[in-house]
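So the structure is just underneath, and the comments pick up after that.
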Amino acid sequence: MSDDVVSAVFGGPEPSEPPKKSSKEAKKAKKARQEAKAAKQRNEVGQPEPGPAPSPAPTVMPPAQPAPSPAPTVTPPAQPVMPPAPTVTPPAQPSRSPAPTVTPPLRPVSQSADPVTLPPSVVVDDVRAAYGRIEVLHGVNLVVPPGSVFALLGPNGAGKSTLLKVINGRMRPSSGQVLVGDTPVGKSPTEKLVKTGLCAIPEGRGIFPNLTVRENLRIWTYRGGITMKEVEERTFATFPRLKDRRKQMAGTLSGGEQQMLAISRALVTGPKVLLLDELSMGLAPLIVNELYELVGTLAAQGMTILLVEQFVTTALSVATRAAIMVHGRIEQEGTPREMADAALSVYLA
């Protein structure tokens with residue numbers, strides 16, 4: 001038997017303790033045992049011994065992009081400072097004298113001026129009229145345009161005044177028709193025609209000679225719609241001479257002053273159509289010119305005026321249209337200049 005066995009059986013002396021290894025050597029030995037054990041297991045299974053673990057792929061860092069430089073700030077070029085435009089002073093206008101003050105003609109309070117609506121025209125359609133069995137008008141045809149001054153010329157006895165009587169309803173025609181605007185005269189009474197805007201100043205003035213001027217003016221107020229104060233203000237504004245004669249008897253006035261008083265009656269009614277018969281008869285030339293200036297003013301305001309006159313030059317000075325009547329018929333019609341030439345031959349004949 002060997003010494004080792006004898007010692008183990010019979011209790012021989014204890015074997016001496018092996019020397020202690022360092023920690024590094026112990027770790028290496030432990031690692032070697034683990035690898036040997038692992039190799040043995042692989043041999044039994046038949047797996048190949050693994051190679052060294054692949055090293056991780058290196059991380060490739062992309063190259064740093066250069067930071068974009070900020071866009072350069074473009075400063076617009078400075079605009080040149082424009083000098084202020086020179087101030088141009090307009091040349092001084094020569095001073096004008098103030099326009100003369102024109103006294104407006106008489107207008108009624110209730111009537112409002114309408115620049116769009118024209119006054120009515122006068123249409124005479126194949127009118128015949130007679131005094132008893134004597135026919136004076138023989139188929140007269142005449143059209144007075146709205147807002148015009150129509151001069152009806154002709155010698156004495158031509159039928160001019162008779163035609164005015166037919167138009168204002170004082171005389172009935174034996175045939176034919178008369179229209180004032182859209183209103184047929186027909187059998188309408190004169191007072192009804194006045195309310196439609198028709199007014200006539202007959203030959204011989206048509207005033208009350210035994211009453212004073214102021215009393216005549218008071219009668220104008222009986223139509224209604226206007227006071228005595230308003231009648232006086234309008235009459236005296238148009239005819240200042242009548243203010244000084246307001247207490248005088250109308251029959252003692254001069255011919256021109258009586259005609260002024262008659263015209264004031266017509267204007268107070270505010271007519272749209274005015275019929276004037278022989279406005280200048282028996283008057284001085286200065287008074288005639290003054291009255292016809294008033295006619296021109298009324299026409300400028302749009303009033304339709306039909307005037308009968310023997311004096312060609314005076315009537316045509318304000319007329320816009322004219323006609324010549326001879327022996328109850330309209331012989332010629334045209335412009336004032338045309339009728340001025342034609343009237344000479346008619347009157348001489």
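The values are calculated or read from the model by the stated rules, or taken from the named source; none is laboratory data. On a predicted model such as this, the values are computed, not experimentally measured, just so you know. Neighbour counts are summed over all protein chains in view; Cβ atoms, including those assigned to glycine, are modelled from backbone coordinates with ideal geometry.
Summary of computed values
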quantity: Counted residues, segment 296-338 - those being at pLDDT 90 or above, within 38 Å of the chain's Cα centre (by Cα) and β-branched (Val, Ile, Thr); calculated: 5
quantity: Residue in segment 149-162 that is touching a Leu at 6+ places or on another chain (Cβ under 9 Å), within 25 Å of residue 303 (Cβ to Cβ), at pLDDT below 90 and assigned to a loop (DSSP other than H, G, I, E, B) present; calculated: no
quantity: Test: residue 297 is assigned to a helix (DSSP H, G or I) and surrounded by fewer than 17 Cβ atoms within 10 Å (Cβ to Cβ); calculated: yes
quantity: Identity of the residue in segment 307-330, free of Cβ contacts under 8 Å to residues at least 40 places away in the same chain and surrounded by 15 or more Cβ atoms within 10 Å (Cβ to Cβ), that ends up nearest to residue 154 (Cα to Cα); calculated: 311
quantity: Test result for residue 223, more than 24 Å from residue 282 (Cα to Cα), in contact with a helix residue (DSSP H, G or I) (Cβ under 9 Å, 6 or more places away or on another chain) and surrounded by 14 or more Cβ atoms within 10 Å (Cβ to Cβ); calculated: yes
quantity: All positions within segment 264-279 that are more than 21 Å from residue 144 (Cα to Cα) and over 34 Å from the mean Cα position of the chain (by Cα); calculated: 264, 265
quantity: Within segment 167-191, considering residues that are among the small types (Gly, Ala, Ser) and either under 37 Å from the mean Cα position of the chain (by Cα) or part of a loop (DSSP other than H, G, I, E, B) (or both), the one modelled with the highest pLDDT; calculated: 174
quantity: Residue in segment 238-250 that is under 37 Å from the mean Cα position of the chain (by Cα) and closer than 23 Å to residue 304 by Cβ present; calculated: yes
quantity: Odd one out for residue 202 among (1) closer than 15 Å to residue 266 by Cβ; (2) of a type outside the set (A, V, I, L, M); (3) without any contact (Cβ under 8 Å) to a residue 24 or more places away in the chain; calculated: (3)
quantity: Leading residue by the ranking (nearest to residue 208 (Cα to Cα)) among those in segment 242-252 that are in contact with a helix residue (DSSP H, G or I) (Cβ under 7 Å, 6 or more places away or on another chain) and loosely packed, with under 15 Cβ neighbours inside 10 Å; calculated: 248
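Residue by residue, here is whether (1) more than 25 Å from residue 293 (Cβ to Cβ); (2) among the charged types (D, E, K, R); (3) in contact with an Asp or Glu (Cβ under 8 Å, 6 or more places away or on another chain) holds:
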| position | (1), (2), (3) |
| --- | --- |
| 219 | yes, no, no |
| 222 | yes, no, no |
| 225 | yes, no, no |
| 230 | no, yes, no |
| 237 | no, no, no |
| 240 | no, no, no |
| 246 | no, yes, yes |
| 251 | yes, no, no |
| 255 | no, no, no |
